[in-house]
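Below is one structure, written out as structure tokens; the observations come after it.
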Amino acid sequence: MNLYLHGLEPHIALGDSIYEIPSGQRFDVVKTNPPFGTRGAKQAPTRDDFTISTSNKQLNFIQHVMTILKPGGRAAVVVPDNCMFADEAGEVFKILTEDCSLHTVLRLPNGTFTPYSANTKTNVIFFTKGYKTDTVWVYDGRSNVPSITKTGRPLTPDYFAEFVTCYGNDPNGRAKGKADSKEDRWRCFSIHEVKERAYKIDRLAWLKDESADNGDDLLEPEGLATDAISVSQAAIEQLKSLTTLLDDDAEARINGHLRTDVPPPELIAPAPRLEQLPEETNHDSDATRSSA
């Protein structure tokens, strides 16, 4: 629907983008926001075009985009922070910088995807296929920027005005030069500096983020409610698991796997020792003892 609304004729194929072998169609431009989270298949895809084997969805989407781009094609891909420091992140980004020019990284403000994924910290990576990476320009649009909220601080183009100026008018990111940034949010890193950080792009940081101590950065009631719902849902899932265990235990008792005629040891009162019985009890008649 989004494509239709922007005057584009979509060609839609039903399938799994990263677990199925793509067609031979290649593209000049790819702009994508892969799904966040870990829901779905957990195993690594078995694809010959994926150099690095990983079950991380976002890292696999980066490899997928590299495959479906034409030589000289360009991409802008939204990735969460955890994608940039995951176990295989350094390996995937190493391949990316060798096969593509990873020329720009934009750190998005906190809460950019409010209310859908309010607490996920995200970035946009821009790269062009067929050129090796010499430098990576990073724009920090997050540090010391109040979080985006649904009503009080909605996301507007103003948040990206300076980044657009710094990026320049070349879609392949070759017009950046030494554009000024008022708060030193725009910085260049050589490929050698990237290598020194083991290709972990999240380590290309320099601004100290003091917004965490600022009350303006607190979530709105909607965000707090979303967090509360998430916690409650997790608790419900745990209760469901406990209920399942109890049901299994009850079924086992019914099927005779457990002896129900014997109470648990902690409920059985210890029998009195012989010397603790009243003295007259030892002299009871046989009839008395027998009835007892």
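The values are calculated or read from the model by the stated rules, or taken from the named source; none is laboratory data. Everything numeric here is computed off the predicted structure, so don't read it as measured data. So basically every Cβ, Gly included, is an ideal-geometry build from the backbone, and we count neighbours across all protein chains shown. Quick note on the areas: whole protein, heavy atoms, side chains included, nothing else; ligands and nucleic acids left out. Shrake-Rupley method; radii C 1.70, N 1.55, O 1.52, S 1.80 Å.
A few comments on the model shown:
- Virtual paramagnetic centre 7 Å along Cα→Cβ of A161, amide N under 18 Å, in segment 92-120: 109
- Cα-Cα over 30 Å, subset of K150/K240; K150/K195; K129/K150; K94/K121; K200/K240; K31/K200: K150/K240; K150/K195; K129/K150; K200/K240
- L14-D49 FRET efficiency (beta carbon distance; Förster radius 25 Å; 0.05 resolution): 0.75
- On segment 70-157, 53 percent of the accessible area sits on carbon and sulfur atoms, based on a 1.4 Å probe.
- Along the axis of the charge dipole computed for segment 1-122 (Cβ charges of +1 for Lys and Arg, -1 for Asp and Glu, origin at the Cα centre), the listed residues P109, P80, T32 are led at the positive end by P109.
- Residue-normalised accessible area of segment 38-150, expressed per residue, 1.4 Å probe, Å²: 40 Å²
- Peptides 182-192, 117-127 ranked from most to least packed, by the mean per-residue count of other Cβ atoms within 10 Å: 117-127, 182-192.
- Burial ranking of peptide ranges 76-88, 194-206, 15-27 (average Cβ count within 10 Å, highest at the top): 76-88, 194-206, 15-27
- Cα gyration tensor, segment 16-156 - rounded (a/c under 1.5), prolate or oblate: prolate
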